[in-house]
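Written out below as structure tokens is the structure these notes cover.
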Amino acid sequence: MLAIVAGVTLIAVAAALVLNAFQGNVVFFFSPSQIAAKEAPLDRTFRVGGMVESGSLKRRADGLTVEFIVTDTAKSIPVVYTGILPDLFKEGKGVVAQGKLGPDGAFHASEVLAKHDENYMPPEAAHALSKAEADKAAKSVVPPGGNR
Amino acid sequence: MKRFLWPLAIFIILVGFLVVGLKLDPREVPSPLVGKPAPAFELPILHQPDKRFVPGDMRGKVWLLNVWASWCVSCREEHPVLLDLAKRGVMPILGLNYKDKRDDANAWLKQFGNPYELSAVDADGRIGIDYGVYGVPETYLIDAEGVIRYKQIGPITPAVLEQKILPLVMSLKK
Amino acid sequence: MIPELGQFALIVALAIALAQAALSLTGAARGTPGFMAVARPAAQGLFVFVAFAFGCLAWSFYSNDFSVLNVATNSNSRLPTAYRIAATWGSHEGSLLLWVLMLSVWMLAVSVFSRSLPEDMVARILGVMGLVAVGFLSFMLFTSNPFERLLPAAAEGHDLNPLLQDPGMVFHPPMLYMGYVGFSVAFAFAIAALLDGRLDASWARWSRPWTTAAWIFLTIGIALGSFWAYYELGWGGWWFWDPVENASFMPWLIGTALIHSLAVTEKRGAFKAWTVLLAIIAFSLSLLGTFLVRSGVLTSVHAFATDPKRGIFILCFLAVVIGGSLSLYAWRANRVAPGARFELLSRESMLLANSVLLLVACGAVMLGTLYPLFLDALGLGKISVGPPYFDSVFMPLMAPAILLAGIGPLMAWRKGDAAQLVRRLRWIAIVALLGALFVPLAFGRWAALTSTGLLLAFWILAGTLTSLIIRIRSRTKITSAFLGMLLAHAGVGVFVIGITLVKSYESERDLRMAPGETAELGGYSFRFEGVREVSGPNYAATRGTIFVQRDGATIARLEPEKRVYLVQRNPMTEAAIDAGISRDVYVALGEAVGGDAWTVRIHIKPFIRWIWIGCLMMAFGGLLAAIDRRYRNAARRPEDASAADATLIRSGTA
């Protein structure tokens with residue numbers, strides 16, 4: 001009997017720990033388009049993913065702070081990060097940054113993750129790009145049957 | 001002794017979740033591009049750098065746009081399938097040579113054979129972005145009106161070709 | 001030709017495994033000695049053919065046979081020989097072959113070291129393992145053939161991922177797989193016992209050394225992986241709670257619970273059903289881990305769909321193995337006789353509490369690992385669950401487990417003496433409190449979490465020492481199993497000290513440094529001397545030189561590198577470390593930032609080596625326990641549990 005009570009208590013404690021931890025520590029993902037649509041929280045850490053816009057990487061005078069633009073091809077967001085970028089960070093490649101939205105409208109990253117493999121992007125970055133692609137497609141093409 | 005059934009019950013619930021999860025095969029979710037007109041572009045042609053290609057040239061034909069690169073290993077895997085398809089002459093296959101070097105690309109085609117009517121050169125991957133290329137290879141089936149009808153992420157296998165692409169081509173040609 | 005021979009060997013191996021499973025299981029069920037006798041030679045034959053196949057693949061890698069797809073994708077003629085061999089298990093297909101090789105090694109070991117076991121038991125164990133081999137061999141042959149040809153052959157290979165080009169790659173996967181697969185022995189013992197209905201103390205005694213052996217390999221494998229990540233990834237981190245690590249950690253947690261639960265089953269005949277369940281879960285998690293990692297589901301749900309055949313096969317195989325064994329459990333476990341009774345205050349109840357804690361902790365890790373996958377697969381959005389989740393769930397669950405591990409060995413079996421326990425605990429508590437209060441003073445910074453960690457560490461160390469002193473005073477014989485247990489527990493203490501001190505007192509700086517510039521961190525000064533170009537066998541590197549000084553004296557010259565591997569052309573950071581027992585100085589190059597200046601990352605990691613030393617102590621303790629004489633006493637028939645009770649209650653052995 002006592003064992004059962006103890007077991008149930010333990011499970012309850014564990015469940016409480018898990019729920020509490022999930023509440024505080026789960027990091028959501030937003031694409032630049034979602035951020036542009038003001039869907040992303042202002043006071044919470046989240047992740048943004050997409051592609052590093054070519055030619056957008058700039059280094060500030062301190063040599064350590066970098067600025068670059070992450071785009072999902074539809075919308076883009078400037079990202080500021082102080083520290084050493086991962087090895088596979090490159091312009092024109094997929095990237096995921098974790099951090100907070102600053103009052104200046106830029107995303108202040110505390111962590112930058114790049115892809116690990118030549119052929120595939122981080123899934124989150126790929127996801128952001130694919131969501132934006134429909135929109136993009138509609139804009140860039142002549143309407144079907146337009147000039148036949 | 002019902003308590004010995006608990007582990008099994010929990011496991012069955014877990015498997016249920018997994019099966020539901022996998023049923024929603026991400027590959028089956030239609031790409032947002034399917035049913036939409038293929039994005040326009042204008043790119044130099046691999047074998048004739050001075051000439052340019054626009055998808056509009058293919059109006060009136062059902063054709064395949066295959067994204068490939070010499071550095072891509074999976075492309076090698078699907079290459080025999082493409083060569084075979086080209087030999088059968090079902091439809092024109094056009095290549096989009098993605099983030100590659102011209103010399104590497106030419107050497108690669110020389111070594112493995114060239115199934116493409118022509119390959120457009122997307123050296124910096126800009127057009128790949130328009131097409132939502134995740135990785136190489138990817139293939140788009142485009143109809144006579146210039147609308148994308150099917151998108152294959154990853155290599156085309158003989159099964160995909162026979163069961164999905166060719167039936168679709170037949171119905172589109174009617 | 002050689003790849004075809006390898007593939008043929010795999011087909012023969014599949015046939016052998018099928019015959020072995022069918023014959024020895026029917027033989028054991030019907031009591032046909034002729035059928036049962038097949039088990040041992042079949043296991044040995046299986047080993048020969050699988051080893052041959054593995055040799056063929058290794059040869060293809062060694063001889064740069066780029067007409068084999070696997071070789072062309074994962075190797076390169078300029079890859080150094082050791083890594084060419086290691087590349088054998090660098091791919092999905094190759095690692096499956098390594099898995100099967102390990103399985104056949106364990107089967108060979110069981111067939112050789114099982115003279116004291118009844119014939120039908122051996123037949124059942126090897127039969128169950130044969131079934132597992134059938135599953136893996138067919139998975140390999142039907143969906144992931146490692147010998148697939150690439151015609152025409154590639155001129156050159158695509159090279160091994162530069163991250164994997166490291167001595168860690170040579171040792172880490174084989175160790176880890178030995179551990180994963182080793183749990184198949186404990187699993188087979190459990191299934192055999194369920195089939196047989198003979199679940200008693202002797203079963204636990206046979207099963208124990210095998211389980212411990214698997215656990216040792218897994219412990220070393222995980223520790224190596226952590227060490228590898230530490231020096232290879234260039235961030236100075238040693239554990240990231242990433243899904244791949246969790247996949248190996250979950251079976252370890254359950255394996256640890258299983259070892260302890262087996263101890264109770266052997267000594268006291270109790271917790272039999274619980275022990276069997278843990279054995280099933282441990283192996284199930286090993287399978288899940290192998291597949292999760294190797295199928296690529298973890299990096300991207302999309303990877304699963306690259307080849308749906310693989311996904312479906314994996315799912316069916318897992319469902320059959322796990323579902324089948326849990327059904328068998330539901331059906332047969334109630335026939336197990338209840339074990340000897342015990343009081344609330346007893347070693348049994350402490351061990352039970354510990355194994356439940358480990359199981360719950362494993363559940364929490366699993367939830368954090370799989371939940372994002374589920375959400376993604378169901379299209380409900382993308383989230384990531386990072387280290388903060390795991391830290392805040394895992395630590396509160398492990399703290400009581402460590403407290404219990406400190407007291408457990410002091411407690412008598414069946415019924416503990418509360419007054420005596422309090423007397424003994426007094427000293428332990430004083431040592432732990434003093435340690436928790438004064439060690440942070442030496443570092444000059446106090447935090448609640450630091451003290452908690454140190455309290456736990458000193459608690460388990462003092463408890464372990466007390467157990468040893470009591471045992472020496474009582475003049476009972478000190479067995480190697482008892483010493484092993486103490487050493488492993490002390491290892492936990494050392495490990496916790498390492499984690500606590502690193503987490504509390506590590507320091508890190510990202511800097512921009514021009515040649516001749518100096519920076520300070522944690523009492524050390526770093527002088528950057530600039531970089532020069534060097535070239536390796538298959539890479540070109542920029543090598544920086546940094547002198548580390550303390551109190552004016554130069555203590556180390558560190559040469560971190562930035563490498564670019566010639567084939568895949570990705571940059572790779574190669575950190576430089578000045579290792580020490582009380583601290584590591586860790587330096588990594590970032591990138592060139594104009595002129596001769598570079599960004600540089602420096603870390604001071606106090607007591608980080610203690611983390612891996614602790615793991616090694618645990619593994620070595622396991623080794624001492626596994627080689628205890630009583631497991632080798634084949635001649636003596638194992639006594640039944642009740643006879644063992646009388647002697648053991650008195651001596652209070654582990």
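Nothing in this text is a laboratory measurement; each read-out follows from the coordinates by a stated rule. Values in this document were obtained by computation on a predicted structure and should not be read as measured data. Neighbour counts are summed over all protein chains in view; Cβ atoms, including those assigned to glycine, are modelled from backbone coordinates with ideal geometry.
Once you have a ≥ b ≥ c as the square roots of the Cα gyration tensor eigenvalues for chain C, tell me rounded if a/c is under 1.5, and otherwise prolate or oblate according to whether a/b is larger than b/c.
oblate
By the count of neighbouring beta-carbon atoms within 10 Å, fewest first, B:Phe112, C:Phe113, C:Phe183, C:Phe136 end up ordered C:Phe113, B:Phe112, C:Phe136, C:Phe183.
Once the Cα atoms are used to define both axes, helix B:73-88 deviates from the longest principal axis of chain B by about 60 degrees.
Each residue of segment B:110-118 was assigned a 3J(HN,Hα) from its phi angle through the Karplus expression (A = 6.51, B = -1.76, C = 1.60, θ = phi - 60°), giving 5, 6, 9, x, 10, x, 8, 5, 7 Hz with x at Gly and Pro. Rounded to the nearest Hz, the phi-derived 3J(HN,Hα) couplings of segment C:166-181 under the Karplus curve 6.51 cos²θ - 1.76 cosθ + 1.60 (θ = phi - 60°) are 7, x, x, 5, 6, 9, 4, x, x, 4, 4, 5, 4, x, 3, 5, where x marks glycine and proline.
Short to long, the 5 Å bins of the Cα pair-distance histogram for segment C:344-395 hold 4, 19, 19, 17, 13, 10, 7, 5, 3, 2 percent of all pairs.
Kirkwood hydrodynamic radius, segment B:33-173, all distinct C-alpha pairs: what's the number in Å?
Numbers: mean 1/r = 0.0672 Å⁻¹.
Taking the inverse mean of 1/r over all distinct Cα pairs, segment B:33-173 comes out at 14.9 Å.
By the rule of a second cysteine Cβ within less than 4.7 angstrom, the protein assembly as shown holds isolated cysteines at C:Cys56, C:Cys316, C:Cys362, C:Cys615.
Inter-part distance, segment C:107-171 to segment B:119-174, computed on C-alpha centroids, equals 37 Å.
When the Gaussian network model of chain B links Cα atoms closer than 10 Å, the mean-square fluctuations of B:Leu83, B:Leu118, B:Leu14 top out at B:Leu14.
Taking +1 at the Cβ of each Lys and Arg and -1 at the Cβ of each Asp and Glu, which of A:Ile11, C:Leu616, C:Tyr329 sits farthest along the dipole of the protein assembly as shown towards its positive end, judged by Cα position relative to the Cα centre? Ranked along the dipole, the leading option is C:Tyr329. Suppose the Debye formula is applied to equal point scatterers at every Cα of segment C:207-296; what is log10 I(q)/I(0) at q = 0.22, 0.23 Å⁻¹? Taken in order of the listed q values, log10 I(q)/I(0) reads -1.04, -1.09. Neighbour counts of other Cβ atoms within 10 Å put C:Phe61, C:Phe482 in the fewest-to-most order C:Phe482, C:Phe61. Shielding by partners for peptide A:8-18, expressed as the average number of C-beta atoms from other protein chains within 10 Å of each residue's C-beta, is 5.
From the P(r) of the protein assembly as shown, could you give the percentage of C-alpha pairs in the tail past 59 Å? Summing the P(r) of the protein assembly as shown above 59 Å gives 13 percent of all pairs. Counting Cβ atoms of other protein chains within 10 Å of each residue's Cβ and taking the mean over peptide C:29-38 gives 0.
Return the equivalent ellipsoid semi-axes of segment C:469-576 as a descending list in whole Å, where each equals the square root of 5 times an eigenvalue of the C-alpha gyration tensor. Please report the intermediate quantities before stating the final value.
Working: eigenvalues 395, 96, 31 Å².
Ellipsoid half-lengths, sorted descending, are 44, 22, 13 Å.
Remark on B:Gly95: its backbone amide H falls under 5 Å from those of B:Asn66, B:Glu117, B:Leu118, B:Ser119, B:Ala120, a criterion applied only to residues 5 or more positions apart or on other chains, H modelled at 1.01 Å from N. Computed over chain B with a Gaussian network model linking Cα atoms closer than 10 Å, the most mobile of B:Arg52, B:Arg76, B:Arg88 is B:Arg88.
Shielding of C:329-339 by partners, i.e. mean partner chain Cβ atoms within 10 Å per residue? Present the calculation step by step, with values, prior to reporting the outcome.
Numbers: counts 5, 9, 4, 1, 5, 5, 1, 2, 0, 0, 0.
Taking all residues of C:329-339 together, the mean is 3.
Per-residue Karplus couplings for segment C:350-364, computed as 6.51 cos²θ - 1.76 cosθ + 1.60 with θ equal to phi - 60°, are listed in order as 5, 5, 5, 4, 4, 6, 5, 4, 5, 5, 5, 4, 4, x, 5 Hz, Gly and Pro entered as x.
Pair-distance distribution of segment A:34-119: all C-alpha pairs, bin width 10 Å, starting at 0; shares per bin in whole percent are 18, 55, 25, 2. Exposure proxy ranking for A:Val5, B:Val67, based on other Cβ atoms within 10 angstrom of each Cβ and starting from the fewest, stands as A:Val5, B:Val67.
Could you tell me which of the pairs B:Lys61/B:Lys87; A:Lys58/A:Lys90; A:Lys100/B:Lys99 are separated by over 22 angstrom between their Cα atoms in the structure shown? Pairs exceeding the cut-off: A:Lys100/B:Lys99.
Close amide H contacts of B:Gly146 (hydrogens built in the peptide plane, cut-off under 5 Å, sequence separation of 5 or more or a different chain): B:Gly60.
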